[in-house]
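A short reminder: the numbers here are calculations on the coordinates, not readings from a lab. Computed from a predicted structure; not experimentally measured. Because the Cβ atoms are built from the backbone with ideal geometry, glycine has one as well, and the counts that use them run over all protein chains shown.
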Amino acid sequence: MNLRRTAITALFGCALLGNPAWAAINASQLGASYDATKANVTFKVYSGRATRIELYLYSTATGTAEKSRVVMTAGAGGVWSATIPVTTLNSQGLSGTLYYGYRAWGPNWPYSTSWTKGSATGFITDVDANGNRFNPNKLLTDPYALELSHDPTTPTMTNGTIYASGATYRNIDTGSSAPKGIVLSGDTQSTGIKPTRALKDDVVYEVHVRGLTNNDTSITAAYRGTYKGAGLKAAWLASLGVTAVEFLPLQETQNDTNDVDPNSNSGDNYWGYMTLNYFAPDRRYAYDKTPGGPTREFKEMVKAFHDQGIKVLVDVVYNHTGEGGAWSGTDKTTYNIYGMRGLDNPTYYSLTADKQNSWDNTGVGGNYNTRNVIAQNLIIDSLAYWRDKLGVDGYRFDLASVLGNTCEHGCFNFDKMDPGNALNRIVAELPPRPAAGGTGVDLIAEPWAIGGNSYQVGGFPSGWAEWNGAYRDTVRQAQNKLGSAVVTTGQMATRFAGSSDLYGDDGRKPWHSVNFVTAHDGFTLKDLYSCNVKNNLQAWPWGPSDGGEDNNNSWDQGGIATDQRKAARNGMALMMLSAGVPMIVGGDEALRTLNCNNNPYNLDSSANWLGWTRTTDQNNFQAFSKAMIAFRKAHPALRPANFYSSVDNNGNVMEQLRWFKPDGAVADAAYFNDSANHAIAWRIDGSEFGDPASAIYVAHNAWSAQVNFTLPWPGTGKSWYRVTDTCTWAEGANQVRTPGMEDAIGGEYTNYGVCGRGTLVLIAK
């Protein structure tokens, strides 16, 4: 997630809590569900601090009063419940789709028999000394609802202030307008057969589900921008070589207002990092928006990808929620109350030491209380639901350092060794996929947040892969910032070989490094090499948007278009040649541009949707991307399960990996550490990996001028053959040679001139 807000200073000194006793996944059966015979509906919701909870039942999502209200029964462990026969519901005018929500009372607003909707009867304070924010005027969504009827604001109800507490808003009743949970009766839609591929063998494609197809005229207009439309691109992504699609958030979020005015960007949430419900698929992306439709259609999309052998990964946001934080830094009373805050604020949210405000390590409103066992239960339960019921194969966790917090209130402390933090609980209860592949989930962390000790690249516990921000920074600086940033060949070598300095010290492997040079946050691949600075204050559809990084390590290559494309080829090639898991951003395979906007989180516009009309240069780059992906997939030597060894493990007089200077000599510590050196080459012994190439040789020249490389020994009876040279002389549709058509170059001691900022790839055969 883009950290566009001002970072806060984290406080220190938080006591570790004792290890919790973990229950089974959704042991309390929270949520709303029919029994096996469909004769009864049971509602269960958690609140450890409420003194009264009433269930409100509706026949329509908006515009009408409730048909029925039921006082719920408080049970063990803070679980409130009510079971209602369907016959009773029918007698009350409740047939067909059943919509529901809750009203809750507590210490700051105790129940009074004279209370009526929209009154202040019983009110004491908006927030009490224990952090309670109960307000019965706000109809609350069920945190375990499997679908929501609509967003808090809609094209016909645009006033989002009605959900707030505080003197101005606390007495506004939201019952007729608020989102309701939908009681689902189940469906039979299959999600197909899950791929069991090892994470090390994946090529990840990060994309927004709406942006993937909203501009695609090959898809029926009604399906564009939907789950159904995305599923129709599965075959195309498979043809590109993608093995895992990573969608930006798909859990229900506030974003319908993006559709109200396509020329407006005020308050828009295109990316979707403000989650309102962790179970419900976001209905905005469904062609079928009828009750149950988003769930069925999402599962249909998952099956389409599974049928092509592609994993479905979902970006999830458990560090904060769409309820946000304080409206004002000087007003502790005015907060949005949609659901969790009104049910049990201190359980679901990390608060300041005085319990009067949210603790904020996210920059967007306040931390989810990831150290609380009940709040953790919701994380585990919802992840399991998406895995087991919706067919998802893995997750990317936004600002995942927050899940390593060992403190509930008044502080932030990341400790990967704490067995009771959310990170370790997720691994314990949702087992990661084994190294060799098989059943399990792929767990990928964005290993940073804001403030304190939240920057944790390389610092996550066992079982977790990470977005490797160090890889991104090293590659960008080596390509774009020589002369202003010090990047040694030793740093480059470490990143290309899987970042053993980050992952090898705690038993993790190269494939725990997700290698990327671009992400949804920041410049596209083209813009990284075409823009010196961000330009976010453009007219629609390219802007405006706020924030965005100022230190992008970008460069326009002197304004020379051929050099810009060359630089992009290097970025793509290096990801495919590096040990670890490559991640490319949707559209980067074809040089998509955002005209130097590096923070388009709010732009639900044609600029932010993938383009499908290509220039010759774009088609050529796509051919290059596709071929490099294919090369990686064809060569297991590029996808090691363990860190490369520097010894000869099979007696063929060739080390598993050897680093070379340009003159052919072995690169030593002096060469690696000398900041004046900018060229490095390496040879991998393919025979140790069962590779079709007996050896692979890569030479990377980060210097501005040509560097001559002396080729090493290719093996007994072998010669070197060129797969690709990213230099401009070779630019075109066939810059990467197809297998069997590689160009003969020569044997040991052959000299090859690699252009300034170029990359050479050879195989031995």
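Summing Lys and Arg as +1 and Asp and Glu as -1 over all other residues whose Cβ lies under 14 Å from the Cβ of residue 112 gives a net charge of +2. Compute the angle between helix 469-480 and the longest alpha-carbon principal axis of the chain, please, reported from 0 to 90 degrees and rounded to the nearest 10. Computed tilt is about 50 degrees. The equivalent ellipsoid that matches the C-alpha gyration tensor of the range 435-564 spans semi-axes of 29, 19, 14 angstrom, in descending order.
Quick check on my link table: of 117/180; 526/765; 534/566; 228/389, which ones sit more than 25 Å apart, alpha carbon to alpha carbon? Flagged as over cut-off: 526/765.
Rg then Dmax, both in Å and based on the Cα atoms of the range 693-757: 12.2, 35. Taking a Cβ cut-off of under 10 Å around residue 176, the surrounding Lys, Arg, Asp and Glu residues balance to a net charge of -1, with basic ones at +1 and acidic ones at -1.
Under the rule that an exposed site lies in a DSSP loop and has at most 13 other Cβ atoms within 10 Å, name the longest stretch of the chain with no chymotrypsin sites (Phe, Trp or Tyr not before Pro) of that kind, not counting the sites themselves.
Details: sites that count: 12, 749.
Looking at the chain, 13-748 is the longest stretch - no exposed chymotrypsin sites (Phe, Trp or Tyr not before Pro) with at most 13 other Cβ atoms within 10 Å.
Each part reduced to its alpha carbon centroid, the range 139-200 and the range 21-88 end up 16 Å apart.
Using the Kirkwood radius over C-alpha pairs as Rh, can you work out the diffusion coefficient of the range 585-719 via Stokes-Einstein at 10 °C, viscosity 1.306 mPa s, in µm² per second?
Values: Rh = 18.1 Å.
Estimated via Stokes-Einstein, D reaches 88 µm²/s.
Stokes-Einstein at 20 °C, 1.002 mPa s, Kirkwood radius from Cα pairs: D for the range 645-764 in µm² s⁻¹? Translational D for this selection: 146 µm²/s.
Taking Lys and Arg as +1 and Asp and Glu as -1, the other residues whose beta-carbon sits under 13 Å from that of residue 497 total +3.
Given the DSSP H assignment, sum -39500 (n - 2.57) over each helix run of at least 4 residues in the chain and divide by its residue total; what's the result at 222 nm in deg cm²/dmol, nearest 500?
Calculated mean residue ellipticity at 222 nm is -5000 deg cm²/dmol.
With the Kirkwood sum run over all distinct C-alpha pairs, the chain has a hydrodynamic radius of 27.3 Å.
Normalised by 2.2 N^0.38 Å, where N is the number of residues, the C-alpha radius of gyration of the range 202-634 stands at 0.94. A Cα-only calculation for the range 623-695 places Rg and Dmax at 14.1, 39 Å. For the pair the range 570-631 and the range 439-516, the centres of their Cα atoms are 21 angstrom apart. Here the alpha carbons of the range 161-209 define both size measures, Rg and Dmax, at 21.9, 56 Å.
Remark: the range 527-586 projects, on average over all directions, an area of 5.3 nm² (convex hull of Cα atoms). All Cα-Cα distances of the range 93-250, cut into 10 Å bins from zero to the largest, leave 9, 24, 25, 19, 16, 7, 0 percent in each bin in turn. Amide H contacts for residue 695 (H built 1.01 Å from N in the peptide plane; partners 5 or more residues away or on another chain; cut-off under 5 Å): 686, 764.
Amide H to amide H distances under 5 Å link residue 746 with 720, where only residues 5 or more positions off or on other chains count and H is placed in the peptide plane.
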